[in-house]
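The structure's right below; bear with me while I get my questions together.
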């Protein structure tokens with residue numbers, strides 16, 4: 001008799017999702033899906049608002065990476081204003097984005113995934129959490145907390161708030177950086193570097209112990225996309241997008257925010273409120289791709305900072321071409337952090353960072369604009385249309401988690417097929433299936449949206465748990 | 001590896017709650033009140049968060065004493081309770097990834113930093129309603145003077161403690 005295994009909720013994620021694994025009569029896995037079950041409507045309820053309110057409104061989508069939404073949104077607004085922001089304003093925003101990346105990656109690696117990596121995927125789930133990490137390896141727990149606080153404190157110093165800072169506005173930032181704040185950030189750099197070095201050294205010690213997982217954690221050929229600079233170094237805030245194939249060959253290059261919607265489409269599947277982004281010329285699902293730390297490092301030829309460049313060389317030795325297993329998102333995430341700390345120090349070393357010219361002003365000069373940035377978990381795209389008075393008529397957000405959605409689903413299916421046979425499974429096996437999703441560090445709260453056709457599934461469930469009726473709108 | 005010692009305080013008041021969920025906002029409200037009451041008192045430090053997250057363990061470890069402030073769903077609406085918190089009250093099931101209870105934060109500070117405050121108190125106010133709106137239920141409104149009085153006395157007692165500060 002066929003059977004469906006449901007993991008609900010998937011634990012240690014940002015947001016709420018579930019996994020269903022469908023077994024056939026022989027107890028073998030036929031299909032598996034990762035469902036994003038929450039829904040939001042930020043695009044819809046922004047309609048009618050003045051465009052310059054959009055960064056603050058859109059940042060409320062999420063408490064984990066609001067800064068990326070602030071920046072992508074502000075850039076879309078600047079396209080509507082037709083302004084280039086002052087260099088110092090751009091550098092301050094770059095630093096804010098990197099600080100957010102550090103604190104978000106620290107949460108993902110140390111709080112969400114290190115319990116699996118340190119204590120084991122089969123360990124007692126009652127202790128498989130940050131407290132278990134603190135007991136087993138307190139220095140690792142302290143490093144994680146130290147990096148979280150490093151990123152959060154920079155955000156608070158720059159934006160005056162740890163979450164949802166209003167400092168980033170269309171045209172730049174609201175106030176320049178004070179020398180005292182610069183010095184305070186610089187004082188935190190050595191400790192942050194010590195923490196990430198500890199984490200990198202530890203990761204390298206334990207990674208070989210996860211060879212079986214590396215083989216089946218979303219380990220397949222795919223395309224990758226991310227921002228890159230003209231010198232082919234990694235970029236988080238500006239630059240343009242590059243899409244590469246599974247062999248590392250460039251499929252599309254120099255994709256600007258204005259060109260994004262011409263080449264990237266969004267497919268709908270009936271089991272998730274998150275859409276499935278794909279490269280239009282290849283169609284769906286062939287044009288699906290991965291974004292985030294793994295994609296960024298697969299695409300970039302250099303990081304642009306000394307220590308991160310050394311790590312990138314080691315990362316590139318993992319495979320002849322793009323690194324395909326999503327298990328390596330963990331390693332890539334740590335390299336991202338190292339880069340972020342180095343880059344923040346580099347930005348602050350330039351005396352022009354204290355320049356007072358940090359904001360450009362203008363009104364509505366175009367009726368449409370788009371902006372893009374790298375959120376911690378991947379490329380983020382905002383696209384707006386306004387009327388002559390600057391009131392929002394239409395918005396579309398393409399979120400990193402949506403761009404990883406196809407790969408996450410394929411990864412869940414790959415792991416489930418590998419581990420589950422004859423209808424037999426254990427808690428540790430199901431945790432492995434969950435851990436595949438964790439490697440991507442999806443942020444589900446901002447990944448759901450109501451633009452265009454939205455899938456909907458209604459189930460009528462009896463008191464005994466039997467599904468007695470089902471209605472699907474796809 | 002080192003960890004920074006920032007914001008050491010004789011008395012850390014650590015409040016939690018969401019001001020958009022009616023009585024859940026009582027923690028932030030009391031934090032704002034106590035911040036005003038002890039304005040200019042360098043030995044008192046007030047932190048307000050929507051959730052208590054693991055990184056607060058460092059602030060807890062560095063404090064001489066802590067007063068946690070929160071609303072409670074296991075008390076009668078408007079009931080004010082001041083109780084001692086101990087790491088032995090920490091519950092494994094309460095060790096969520098993104099937010100912790102007072103006992104779990106204490107336990108985490110002990111595990112990570114081998115330090116816990118000399119005294120740890122939890123002031124809670126029973127919630128009457130946690131609906132999606134600002135403001136308080138009548139029961140919690142009526143309890144605010146009592147909650148302020150108990151919080152003020154707890155902080156004054158801590159500040160009056162003449163024993164030497166931890167090195």
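So how many residues does the stretch B:93-113 have that are modelled with pLDDT under 90, more than 8 Å from chain A (Cβ to nearest Cβ) and in a helix (DSSP H, G or I)?
Going through the stretch B:93-113 one residue at a time, the tally reaches 1.
A follow-up question, please. When you scan the stretch B:49-60, do you find a residue that is within 29 Å of residue A:108 (Cβ to Cβ), part of a strand (DSSP E or B) and modelled with pLDDT under 95, even just one?
Yes, the conditions are met somewhere in the stretch B:49-60.
Would you check which residues across the stretch A:34-70 are over 20 Å from residue A:170 (Cβ atoms), touching a helix residue (DSSP H, G or I) at 6+ places or on another chain (Cβ under 8 Å) and more than 14 Å from chain B (Cβ to nearest Cβ) and list them?
Within the stretch A:34-70, A:34, A:36 qualify.
Answer yes or no as to whether residue A:102 is assigned to a helix (DSSP H, G or I), crowded, with 24+ Cβ neighbours inside 10 Å and modelled with pLDDT of 95 or more.
Criteria met by residue A:102.
Mind checking which residues of the stretch A:124-148 are at the interface with chain B (Cβ under 7 Å from one of its Cβ atoms), within 12 Å of residue B:111 (Cα to Cα) and either in contact with a helix residue (DSSP H, G or I) (Cβ under 6 Å, 6 or more places away or on another chain) or buried (at least 23 other Cβ atoms within 10 Å of the Cβ) (or both)?
The answer is A:130, A:131, A:134, A:135, A:138, A:141, A:142.
Quick one: count up the residues across the stretch B:124-142 that are surrounded by 16 or more Cβ atoms within 10 Å (Cβ to Cβ) and over 11 Å from residue B:22 (Cα atoms).
Result for the stretch B:124-142: 4.
Determine if the stretch A:198-215 includes at least one residue that is part of a helix (DSSP H, G or I), free of Cβ contacts under 8 Å to residues at least 40 places away in the same chain and within 14 Å of chain B (Cβ to nearest Cβ).
Yes, the stretch A:198-215 contains a residue that is part of a helix (DSSP H, G or I), free of Cβ contacts under 8 Å to residues at least 40 places away in the same chain and within 14 Å of chain B (Cβ to nearest Cβ).
Being more than 21 Å from the chain's Cα centre (by Cα), part of a loop (DSSP other than H, G, I, E, B) and either within 21 Å of residue A:439 (Cα to Cα) or touching a residue at least 40 places away in the same chain (Cβ under 8 Å) (or both), is that true of even one residue in the stretch A:263-270?
Scanning the stretch A:263-270, I find at least one residue that is more than 21 Å from the chain's Cα centre (by Cα), part of a loop (DSSP other than H, G, I, E, B) and either within 21 Å of residue A:439 (Cα to Cα) or touching a residue at least 40 places away in the same chain (Cβ under 8 Å) (or both), so the answer is yes.
Only one residue in A:6, A:88 is at pLDDT 95 or above and either assigned to a loop (DSSP other than H, G, I, E, B) or surrounded by fewer than 24 Cβ atoms within 10 Å (Cβ to Cβ) (or both). Which one?
Sole residue among the options that is at pLDDT 95 or above and either assigned to a loop (DSSP other than H, G, I, E, B) or surrounded by fewer than 24 Cβ atoms within 10 Å (Cβ to Cβ) (or both): A:88.
Continuing with the same structure: Taking residue A:85, is it on the phi < 0 side of the Ramachandran plot and in contact with a strand residue (DSSP E or B) (Cβ under 6 Å, 6 or more places away or on another chain)?
Here the answer is yes, as residue A:85 does meet what is asked.
Across the stretch A:32-62, what is the number of residues that are surrounded by fewer than 17 Cβ atoms within 10 Å (Cβ to Cβ) and part of a loop (DSSP other than H, G, I, E, B)?
Count: 7.
Here's the yes/no breakdown for (1) more than 21 Å from residue A:113 (Cα to Cα); (2) surrounded by fewer than 24 Cβ atoms within 10 Å (Cβ to Cβ):
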position	(1), (2)
A:329	no, no
A:337	no, no
A:376	no, no
A:382	yes, no
A:419	no, yes
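Of everything in the stretch A:297-310, what is surrounded by fewer than 22 Cβ atoms within 10 Å (Cβ to Cβ) and in a helix (DSSP H, G or I)? Give them in sequence order.
Scanning the stretch A:297-310 gives A:306, A:307, A:309, A:310.
Looking at (1) in a loop (DSSP other than H, G, I, E, B); (2) in contact (Cβ under 8 Å) with a residue 12 or more places away in the chain, which is the one condition that is false for residue A:114?
(1)
Answer yes or no: is there a residue in the stretch A:332-342 that is over 14 Å from residue A:233 (Cα atoms) and not in a helix (DSSP H, G or I).
no
Does residue A:179 fit the bill of being more than 10 Å from every other protein chain (Cβ to nearest Cβ), in contact with a helix residue (DSSP H, G or I) (Cβ under 9 Å, 6 or more places away or on another chain) and either crowded, with 22+ Cβ neighbours inside 10 Å or farther than 16 Å from residue A:338 by Cα (or both)?
Taking the combined requirement at face value, the residue satisfies it.
Let me ask something else. Would you mind finding the one in A:163, A:189, A:154 that is touching a residue at least 40 places away in the same chain (Cβ under 8 Å), within 25 Å of the chain's Cα centre (by Cα), within 14 Å of another protein chain (Cβ to nearest Cβ) and surrounded by fewer than 16 Cβ atoms within 10 Å (Cβ to Cβ)?
Answer to the check: A:189.
The values are calculated or read from the model by the stated rules, or taken from the named source; none is laboratory data. Because the structure is a prediction, the values reported are computed rather than measured. Positions of Cβ are generated from backbone atoms using ideal geometry, with glycine treated the same way; all protein chains shown enter the neighbour counts.
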